[in-house]
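The values are calculated or read from the model by the stated rules, or taken from the named source; none is laboratory data. Treat the numbers as computed from the prediction; the structure is a model and nothing was measured. Reconstructed Cβ throughout: ideal geometry from the backbone, glycine too, with neighbour counts over all protein chains shown.
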Amino acid sequence: MLFNDLSNLLFEQENDFLGIYDLQRFHFLRINHSGIRLMGFSGNQKFSDFKDPWFRAAHDEDTEIATKIAKLMESEHHYEEVEVKCLSGQVFRGGITITLIRGTNNALVRIVNLNRLYEAELALLQSIRQYETIVSNATIGIIVCNENGQIISANKMAEKLFHYSEDEFTTMDIEQLIPSDRIDVHRQHRKNFNVNPQTREMGNGYDLRAVTKEGVDFPVEVSLSYFRLNDELYAIAFINNIIFKKEAKLQLKAQHELINQLNVELEQKVANRTHALINTLRQLEKSKEELAKALDRERELGALKSRFVSLASHEFRTPLTAILTSTTLVEKYVDRANQDKIHKHLVRIRASVNHLNEILEEFLSLGRLEEGKVEIHTDRVNLAQLVDEIMEVMQGILKPGQTIKSHFSPTDIIIIDATLLRNIILNLLTNAAKYSDSESSITVEGACKDGLLTLTVQDSGIGISEEDQKHLFERFFRAKNAANISGTGLGLHIVNQYVNLLGGHITLTSVLNQGTTVTITLPYENHFVD
């Protein structure tokens, strides 16, 4: 028998492919279980169906197989690496050993799957390259030396630190990188390290120095590690140049001293300022009491002023009304011979009384605004009709030849405070007439859209300078070019207050000697309740 019990056991226990191949009939006589699994044989497949003992991925013709087997029988032993194709179609790199079995026409075929070996070699190669890359490109010097202190390798940063080349490093001892006055101490430390090797962290407080190829020494921090290879100890030194760190520490120390000095000075200044602040607070408390008293007096004066303006306005109106009535009666009873002269003076009296009434009305309006007594009462307003009524009142105010042109739609009916709106338009038209020449034209127009009323009053009067326009809405302000024209400087201030009450906005554009345009935008309601 070709196999005995021991051979059978060894044949089946083998982890790689083992097969007995008949060199004359060109087929396998037997394949072990590992080979069956590796090649993917199924239960109904026969070994005699496979003529190629190599299981090549690139199939050879029968004549080529016979030729190769003939060469094999001459050498008795053959090994090669080929692409092996499993029955499933999977291909792997296999190492195939074919050995003649003496005294027979058979050969032992062993197939080893080399994929795992190649993968391991590739992983090892990648690991070595990664290690070399990390060490070579590290931003810290790395030097490896043996137990005798001989340098085995050094990375690029070590070459940069010490100015030696890679070839020079491998011919040197580690002590050649140590200042001469510290070599003996370093040798003793190295002996102690060889006896009891331990890792040492960077920056552990040692005052270490190194020396370059040119003999220039510099401060360093050194971290130590080690490894063993073939029972030999190797030390790894991680070296960092700390000259800039040392300088930074010195600068930091100087800054700390300066900060401490500044702190002392600051504390003294704070103490002085605190003392001064306490004195200031005491003076402020005293001033506060005096200011409170002055404020109370100011309030009393303000209330007194308001009461006086209100009282004077009402009291002045009674005699002014009597004067106007009397002038009307005088006109009826005067001598007709002197009627023209008397009429002239009566006109002056009437104009003066009307002017005083206007002034008093402005003071009364200002007083009500400042006291918060002006309330908003909305009502339906026909804009065109309201402006027509105002224009009738303006006829007695206009200068000779002055005209007012109005542009309003008769269908514009809105809900708004009619009184405030009338006062706004009347005040703007009065101003336009007052500061415009005779024979001039004044335009008032309005438009309603999307809940907003836009009113524009335009004249061709004396205009206002850009400098004065900044203050036009202030109380009692008069433009420089209006000094010879009577007025209180309250008109536009009151208009602005009314516009604000109605939630609107006012703008003014003007050019000296060309005229002024005032535009007012007011929100309104346009729904009516029957």
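Below, the figures for the structure above:
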read-out: Glu466 being out of contact with any Gly (no Cβ under 9 Å at 6 or more places or on another chain), within 24 Å of Pro400 (Cα to Cα) and among the acidic types (Asp, Glu); value: no
read-out: Residues of the stretch 201-244 satisfying the condition of being part of a helix (DSSP H, G or I) and in contact with a strand residue (DSSP E or B) (Cβ under 8 Å, 6 or more places away or on another chain); value: Ile243
read-out: Odd one out for Asn513, checked against (1) touching a residue at least 40 places away in the same chain (Cβ under 8 Å); (2) within 28 Å of Ile376 (Cβ to Cβ); value: (2)
read-out: Criterion (in a helix (DSSP H, G or I) and within 58 Å of the chain's Cα centre (by Cα)) met by exactly one of Ala138, Ala123; value: Ala123
read-out: Failed item, numbered, when Ile485 is tested on (1) assigned to a loop (DSSP other than H, G, I, E, B); (2) under 26 Å from Pro523 (Cβ atoms); value: (2)
read-out: Single residue of Gly19, Gly43 found to be closer than 15 Å to Val84 by Cβ and either modelled with pLDDT under 75 or assigned by TED's automatic domain parsing to the domain that holds Asn106 (or both); value: Gly19
read-out: Single unsatisfied condition, Lys449 versus (1) under 29 Å from Asp379 (Cβ atoms); (2) in contact (Cβ under 8 Å) with a residue 12 or more places away in the chain; value: (2)
read-out: Every residue from the stretch 399-411 that is in contact (Cβ under 8 Å) with a residue 12 or more places away in the chain and surrounded by fewer than 19 Cβ atoms within 10 Å (Cβ to Cβ); value: Lys399, Pro400, Gly401, Thr403, Lys405, Ser406, His407, Ser409, Pro410
read-out: Failed criterion for Leu100 (all others in (1) at pLDDT below 85; (2) over 50 Å from the mean Cα position of the chain (by Cα) hold); value: (1)
read-out: Long-range neighbours under 8 Å by Cβ, at least six apart or interchain, first residue in contact (Cβ under 8 Å) with a residue 40 or more places away in the chain within the stretch 481-506, second small (Gly, Ala, Ser) and part of a helix (DSSP H, G or I); value: Leu490/Ser365; Ile494/Ser365
read-out: Of the criteria (1) surrounded by 16 or more Cβ atoms within 10 Å (Cβ to Cβ); (2) at pLDDT 90 or above; (3) hydroxyl-bearing (Ser, Thr, Tyr), which one Tyr498 fails; value: (2)
read-out: Residue that is surrounded by 12 or more Cβ atoms within 10 Å (Cβ to Cβ), assigned to a strand (DSSP E or B), in contact with a helix residue (DSSP H, G or I) (Cβ under 8 Å, 6 or more places away or on another chain) and not aliphatic (A, V, I, L, M), where the choices are Arg93, Arg110; value: Arg93
read-out: Lone unmet requirement of (1) among the hydroxyl-bearing types (Ser, Thr, Tyr); (2) under 22 Å from Leu114 (Cα atoms); (3) at pLDDT below 75 for Ser48; value: (2)
read-out: Count of the stretch 176-215 residues which are aliphatic (A, V, I, L, M) and loosely packed, with under 11 Cβ neighbours inside 10 Å; value: 2
